[in-house]
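Here's the structure we're looking at; comments come further down.
The values are calculated or read from the model by the stated rules, or taken from the named source; none is laboratory data. Just so it is clear, the structure is predicted and the values come from calculations on it, not from any experiment. Methodologically, a virtual Cβ is constructed for each residue, glycine included, from the backbone with ideal geometry; neighbour enumeration extends over all protein chains shown.
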Amino acid sequence: MERQDKDLAFMLQYENIAWFEDGKVRILDRRCYPRTVSFVTCEHYGEVAQAITDMVTQSAGPYTAAAMGMALAAHECRDRSEAEQRAFLASAADCISTARPTTAKRMRQICKTMTDAAEAAWASGANVAEAIKARAIEANNSRYSKIAKMAVYLVEQIPAGGTVMTQCFAETIVGMMLKEAKAQGKTFRLFCPETRPYFQGARLTATVCYEMGFDVTVITDNMPAFVMQREHVDVFTSAADAICMDGHVINKVGTFQIAIAAKYMGIPYFVTGAPDLVHPTAKDVKIEMRDPDFVLQAMGVKTARDGVKGYYPAFDVTPPELVSGVVTDQGIFCPYDLWRYAKTGSTGEYEVVV
């Protein structure tokens, strides 16, 4: 199998996202990367779920961590009867898939794929944990391959020598977009809003762009409109934690306001990812509310006086009228016509055909 993470930045390599080996799962701690390169080691699937909850890994990272966490669960129960193993994996899948509420339905898809791999291993007498790990790598390869197709369509929308604004850390599509741009001989510069309170744009997106040889500039979260106006931004793009079938986009909080500014200034907003059949409308998505005290600090340094309250929704909802197109592995779709994507036969971003 040819690895689809070839030539991508350090943190997009499979082993550097989350990796099961020797009865443990090792997860790159994105809360401190790139200033510190360290890994959180999990010896129980519950620790993997907790790492996801605690934002040790973010963006698409939790999906890899979830799959590797299922391999760890299989390792933990390896000496039990098949019936007991099956029950143990079901409990693990429930724990891991609900680690963060907004992405629970996608997580269940991942865990279901891993339990399918376990069933096949039981039937053939193979090592269940290793079978799940192999399926996890296969799932990553499948997803990276689909995102590589999205990158082709997205890069076509970016003028040579142009300017792109991102939001948060769009994980694989960032790397694939830059890899595809290189293949096309196309260069452009990028502006990355910092994405408080975890600063994923400043720490993660900008690092990937820099490592892959592109001109990248970090801006604070209150600068996008000014930068669009003064720096002649050509395209605003983001990934999504959910793309509802009614065209609403659920993504890191702040996406909505940048999309408003882009619309006002006539700048197209392209969201990348496959529409989620499990989310017919935005009403089906639970917006995660995180610890409000976390917005009262910056990278561990208290910024507000004691007694002041915080407010921390992790995501917001961008309506379809602000979305120029949904960039999928099957082409670019109008946000009002996403059911047409379902008719293409594509299995979506997180399903693996075996």
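Side notes on the structure shown:
- For the range 70-106, filtering for residues that are within 17 Å of the chain's Cα centre (by Cα) and either under 18 Å from Glu138 (Cβ atoms) or not hydrophobic (A, V, I, L, M, F, W, C) (or both) leaves 8.
- Evaluated against (1) in contact (Cβ under 8 Å) with a residue 24 or more places away in the chain; (2) surrounded by 15 or more Cβ atoms within 10 Å (Cβ to Cβ), Cys77 falls short on exactly one condition, (1).
- Residue check for Leu277: of a type in the set (A, V, I, L, M) and at pLDDT 95 or above: no
- Cβ pairs under 7 Å, 6+ apart, first in the range 40-59 and assigned by TED's automatic domain parsing to the domain that holds Leu72 and assigned to a strand (DSSP E or B), second modelled with pLDDT of 95 or more and buried (at least 22 other Cβ atoms within 10 Å of the Cβ): Val40/Ile27; Val40/Ala51; Val40/Val56; Cys42/Val25; Cys42/Ile27; Cys42/Val48; Cys42/Ala51; Cys42/Leu72
- Residues of the range 71-94 that are farther than 19 Å from Ile110 by Cβ, assigned to a helix (DSSP H, G or I) and charged (D, E, K, R): Glu82, Glu84.
- When the range 226-238 is limited to residues that are buried (at least 16 other Cβ atoms within 10 Å of the Cβ) and not charged (D, E, K, R), the one that is farthest from Ala262 (Cα to Cα) turns out to be Ser238.
Okay, residues lined up against (1) modelled with pLDDT of 95 or more; (2) aliphatic (A, V, I, L, M); (3) under 17 Å from Pro62 (Cα atoms):
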{"position": "Trp122", "(1), (2), (3)": "yes, no, no"}
{"position": "Gly125", "(1), (2), (3)": "yes, no, no"}
{"position": "Ala136", "(1), (2), (3)": "yes, yes, yes"}
{"position": "Lys149", "(1), (2), (3)": "yes, no, no"}
{"position": "Val152", "(1), (2), (3)": "yes, yes, no"}
{"position": "Cys168", "(1), (2), (3)": "yes, no, yes"}
{"position": "Met177", "(1), (2), (3)": "yes, yes, no"}
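- Condition met for Ala129 (farther than 19 Å from Thr347 by Cβ and either small (Gly, Ala, Ser) or more than 21 Å from the chain's Cα centre (by Cα) (or both)): yes
- The range 273-329, subset assigned to a strand (DSSP E or B) and in contact with a Leu (Cβ under 7 Å, 6 or more places away or on another chain), residue surrounded by the fewest Cβ atoms within 10 Å (Cβ to Cβ): Lys302
- Top-ranked residue in the range 16-39 [being of a type in the set (Ser, Thr, Tyr) and free of Cβ contacts under 8 Å to residues at least 24 places away in the same chain; ranked as surrounded by the fewest Cβ atoms within 10 Å (Cβ to Cβ)]: Thr36
- In the range 188-212, the residues that are within 21 Å of Val301 (Cβ to Cβ) and not assigned by TED's automatic domain parsing to the domain that holds Arg35 form Cβ pairs under 8 Å with partners that are acidic (Asp, Glu) and surrounded by fewer than 20 Cβ atoms within 10 Å (Cβ to Cβ), at six or more places apart or across chains, as follows: Pro193/Asp221; Glu194/Asp221; Thr195/Asp221; Arg196/Asp221.
- Here Gln4 clears all of (1) farther than 26 Å from Arg196 by Cβ; (2) in the same structural domain as Ala139 (by TED's automatic domain parsing); (3) surrounded by 15 or more Cβ atoms within 10 Å (Cβ to Cβ) except the condition numbered (2).
- Restricted to the range 123-219, the set of helices (runs of 4 or more DSSP H) holding at least 1 residues that are buried (at least 16 other Cβ atoms within 10 Å of the Cβ) and touching a His at 6+ places or on another chain (Cβ under 9 Å) comprises 128-156.
- Every pair of residues 6+ apart whose Cβ atoms lie under 6 Å, when the first sits in the range 228-256 and is of a type in the set (Lys, Arg) while the second is in a loop (DSSP other than H, G, I, E, B): Lys252/Cys168
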